[in-house]
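Undergrad: Got a structure for you, written out below as structure tokens; questions coming shortly.
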């Protein structure tokens, strides 16, 4: 497990749980709905957390060092044929470089309803699955080049099912975005190069030759990304998350060329990069 990716659990998980995520944080904003509608959401956060802690999302039963930080905004509750149709927005994050925002989506939910993982499309759990798979895909990309392809495809398949469902709101846009993320091989490659560099240094006997090789690949990937996409997300999010680590790696490897380039390319973090030149 990568040193910089080890997450300390902040709560105790009962032994019966089969958690694959190191931590699941849920924050839900109910400010848009009336007090009389609040009864619907009694223990809603708990049901979502239990859903992630009690189900498998990754083929390997071992835990992945991934935080799922979920922020949801309930927009409104509508009655349709005696059922409660809820509209919401959601943001999934790993508290580092991954931030996946979803515009409004609709789902059914009744007070105290348990959430079950199923292969059939469900307007709430399928959305949760979709973004969990994206987080897993990006994590696996750091272990093997394009190693997350299987889970990008899982997310795409869910989005495709959502697009053709009765709850199709914004699923077409999600599908388009996920396909774009899957095809961003330059970005995925630079993340892989970065973490292989970390791995080469994060041992009792560091492999400096391998670290330098992949750090150079990382530098070349950034240049390629700039030429193809210019400056912006998702690379800017990655640099915001890991600029300190990049400086430390560059100091160890005496790789000033990388810092010189990033000081110009990623000007918003220039003060951080300038620490390279300090003793």
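Undergrad: Check 89, 181 and return the single one that is under 14 Å from the mean Cα position of the chain (by Cα) and either surrounded by 18 or more Cβ atoms within 10 Å (Cβ to Cβ) or not in a helix (DSSP H, G or I) (or both). Write out each step before concluding.
TA: On the way: 89 fails: under 14 Å from the mean Cα position of the chain (by Cα).
Going through 89, 181 in turn, the sole match is 181.
Undergrad: Same structure again: Please determine, by comparing only the residues of the range 248-279 that are in contact (Cβ under 8 Å) with a residue 24 or more places away in the chain and within 17 Å of residue 208 (Cβ to Cβ), which one is surrounded by the fewest Cβ atoms within 10 Å (Cβ to Cβ).
TA: This residue is 257.
Undergrad: On to the next question. Kindly check whether there is at least one residue in the range 234-244 that is in contact with a strand residue (DSSP E or B) (Cβ under 8 Å, 6 or more places away or on another chain), under 21 Å from residue 143 (Cβ atoms) and in a helix (DSSP H, G or I).
TA: Yes, the range 234-244 contains at least one residue that is in contact with a strand residue (DSSP E or B) (Cβ under 8 Å, 6 or more places away or on another chain), under 21 Å from residue 143 (Cβ atoms) and in a helix (DSSP H, G or I).
Undergrad: Now for a different question. Part of a loop (DSSP other than H, G, I, E, B) and without any contact (Cβ under 8 Å) to a residue 60 or more places away in the chain: which single residue out of 154, 204 fits that description?
TA: Sole residue among the options that is part of a loop (DSSP other than H, G, I, E, B) and without any contact (Cβ under 8 Å) to a residue 60 or more places away in the chain: 204.
Undergrad: Checking the conditions here, which among 165, 126 is surrounded by 21 or more Cβ atoms within 10 Å (Cβ to Cβ) and touching a residue at least 12 places away in the same chain (Cβ under 8 Å)?
TA: One residue alone meets the criteria, 126.
Undergrad: Moving on. Could we say that residue 216 is closer than 30 Å to residue 126 by Cβ, part of a helix (DSSP H, G or I), in the same structural domain as residue 268 (by TED's automatic domain parsing) and out of contact with any helix residue (DSSP H, G or I) (no Cβ under 7 Å at 6 or more places or on another chain) here?
TA: Judged against the criteria, residue 216 is not a match.
Undergrad: Given the conditions (1) in contact with a strand residue (DSSP E or B) (Cβ under 9 Å, 6 or more places away or on another chain); (2) assigned to a helix (DSSP H, G or I); (3) under 19 Å from residue 125 (Cβ atoms), and given that residue 25 satisfies all but one, which numbered condition is not satisfied?
TA: In the conditions (1) in contact with a strand residue (DSSP E or B) (Cβ under 9 Å, 6 or more places away or on another chain); (2) assigned to a helix (DSSP H, G or I); (3) under 19 Å from residue 125 (Cβ atoms), residue 25 misses (2) alone.
Undergrad: Moving to a separate point now. Please find, among 143, 187, the residue that is touching a residue at least 40 places away in the same chain (Cβ under 8 Å), under 21 Å from residue 246 (Cα atoms), out of contact with any strand residue (DSSP E or B) (no Cβ under 9 Å at 6 or more places or on another chain) and part of a helix (DSSP H, G or I).
TA: 187
Residues are listed down the side, and each one gets a yes or a no for (1) modelled with pLDDT of 90 or more; (2) assigned to a loop (DSSP other than H, G, I, E, B); (3) surrounded by 11 or more Cβ atoms within 10 Å (Cβ to Cβ):
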{"site": "4", "(1), (2), (3)": "no, no, yes"}
{"site": "7", "(1), (2), (3)": "no, yes, yes"}
{"site": "12", "(1), (2), (3)": "no, yes, no"}
{"site": "37", "(1), (2), (3)": "yes, no, yes"}
{"site": "61", "(1), (2), (3)": "no, yes, no"}
{"site": "77", "(1), (2), (3)": "yes, no, yes"}
{"site": "95", "(1), (2), (3)": "yes, yes, yes"}
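Undergrad: In the set 224, 211, 241, which member is at pLDDT 95 or above, in contact with a helix residue (DSSP H, G or I) (Cβ under 7 Å, 6 or more places away or on another chain) and closer than 24 Å to residue 278 by Cα?
TA: Working: 224 fails: closer than 24 Å to residue 278 by Cα; 241 fails: in contact with a helix residue (DSSP H, G or I) (Cβ under 7 Å, 6 or more places away or on another chain).
On inspection, the qualifying residue turns out to be 211.
The values are calculated or read from the model by the stated rules, or taken from the named source; none is laboratory data. Everything numeric in this text was worked out from a predicted model, so none of it was measured. Positions of Cβ are backbone-derived with ideal geometry, glycine not excepted, and every protein chain shown enters the neighbour counts.
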